[in-house]
Amino acid sequence: MSKEIPNNSPKDNAYIITGPTSGIGRATAFELAKHGTIILVGRNATKLKALEEAMKQKGLKAVSIVCDVSDITSIQEAAKKIIALPFVISGLLNNAGIMQQQATKNAQGWDMTFATNHLGTFALTEALAPHLPDGANVIFIASAIEDPERKPAKIMGMKGGRFISIEASVQGKWKAGGAKLAGIDAYATSKQCILASAMAFARENIRLQFNAVEPGITRGTGLGAEGVNPLVHAIFGRLMSVIPPFSKYASTPEKSAKTITTIMTDKSNKTGVYFDEKAKPMLGSELSRDPKFQDRVVAETRAFLAKEGFRF
């Protein structure tokens with residue numbers, strides 16, 4: 001955690017962003033900071049400090065919390081530090097996410113992609129939700145890759161989420177018959193689970209607003225980080241953003257930042273909405289829209305995290 005806390009009163013407005021040091025997260029940090037202090041949550045202290053300083057040079061307020069979103073122990077420690085900060089937290093952007101070429105394990109020995117994109121995001125939300133004020137906005141960065149009927153995904157031979165169970169996903173096991181591109185099934189399944197969870201949260205917690213955003217085919221995102229499938233990065237980061245029919249879904253980190261900020265600062269109490277890259281409501285996969293599936297994912301995730309010692 002950064003030792004330098006902005007000089008704010010206890011009631012100053014703040015927003016949390018995970019994965020803020022590159023791509024959509026970084027662009028959103030600068031855009032959303034027009035509305036309040038940004039709590040930067042990421043695993044690399046050096047990058048966080050550099051971003052914090054860059055924002056302060058522009059007259060924006062930010063404070064850093066070091067946290068590995070794939071590690072539930074790190075999440076528990078970070079949540080305590082966030083709760084102790086002297087801010088009213090008006091929003092949480094669950095942006096951190098990865099897509100790996102080769103499966104790796106997190107600190108607990110779980111599939112890294114699933115741990116980061118679903119388990120960690122879920123756990124951080126559960127830890128912070130009781131401490132957010134009424135009306136606060138919680139946004140999840142989703143992905144239309146989870147939908148087996150999504151046209152761009154079908155053209156690329158992707159099969160959508162391949163969910164068996166939370167326990168199977170933790171072990172890196174997916175339903176047979178998935179995509180041939182390495183890493184896609186893990187990514188699609190993790191994003192399907194967090195989208196389903198977001199919709200379930202919206203139904204069970206009427207005090208807060210829970211929504212999801214599909215940012216479109218976006219160049220310059222954090223999916224270019226280490227361990228990513230280079231072919232997938234080239235396809236989604238460059239080719240698909242300029243070649244029809246994929247280009248109709250094209251966006252940039254800056255455009256995504258404006259969309260996210262619009263939704264995050266909206267006061268109309270919209271909840272349980274899945275927004276596209278233009279901030280228009282869209283539909284997820286048929287499975288992700290099924291309340292029974294949504295409730296199953298939430299129940300299994302809570303049971304798994306509780307078994308592993310995570311305290312909500």
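None of the figures in this text is laboratory data; all of them are computed from the coordinates on show. Predicted model only: the values in this text are computed from it and were never measured. Here the Cβ is made from the backbone with ideal geometry for all residues, glycine too, and neighbour counts use every protein chain on show.
Here the Gaussian network model covers the chain, with springs between Cα atoms less than 10 Å apart; of S197, S288, S165, S165 fluctuates the most.
Counting only DSSP H runs of at least 4 residues, each contributing -39500 (n - 2.57), and dividing by the residue count of the chain, the helix-based mean residue ellipticity at 222 nm comes to -10500 deg cm²/dmol. How many nm is it between the label spots at N44 and I155, if each spot is 7 Å from the Cα in line with the beta carbon? Inter-label distance under the simple model: 3.2 nm. Hey, what angle do you get for helix 184-204 against the long axis of the chain, alpha-carbon based, 0 to 90 degrees rounded to 10? Between the helix axis and the principal axis of the chain, the angle is about 60 degrees.
Length available on full extension from T265 to N13: 0.36 nm per residue minus the Cα-Cα distance, which gives 89.6 nm. Taking Lys and Arg as +1 and Asp and Glu as -1, the other residues whose beta-carbon sits under 11 Å from that of G42 total +2. A simple spin-label model places pseudo-atoms 7 Å from Cα toward Cβ; at R289 and A84 they are separated by 4.6 nm. Within the shell of other residues whose beta carbon sits under 10 angstrom from the beta carbon of F310, the net charge comes to +1, with Lys and Arg scored +1 and Asp and Glu -1.
When the chain is treated as a Gaussian network with alpha carbon springs shorter than 10 Å, the biggest mean-square fluctuation among K180, K191, K159 belongs to K180.
Treat the count of other C-beta atoms within 10 Å as a stand-in for reagent exposure and order L93, L85 from fewest to most. It would help to have the intermediate numbers written out before the result.
Details: L93 28, L85 20.
So the residues, fewest neighbours to most, are L85, L93.
Summing charges over all other residues whose Cβ lies under 15 Å from the Cβ of A176, with Lys and Arg as +1 and Asp and Glu as -1, gives +4.
Going by how many other Cβ atoms sit within 10 Å of their own, how do S285, S169, S74 line up, fewest first?
Numbers: S285 23, S169 30, S74 19.
Ranking S285, S169, S74 by Cβ neighbours within 10 Å, fewest first, gives S74, S285, S169.
Divided by 2.2 N^0.38 Å, where N counts the residues, the Cα radius of gyration of the chain comes to 0.92. The distance between label points at S165 and E204 comes to 1.9 nm (points 7 Å beyond Cα on the Cα→Cβ vector). Compared with the dominant Cα axis of the chain, that is its longest principal axis, helix 23-32 is turned about 30°.
Cα axis of helix 291-307 to longest principal axis of the chain: angle in degrees, 0 to 90, nearest 10? The two axes meet at around 60 degrees.
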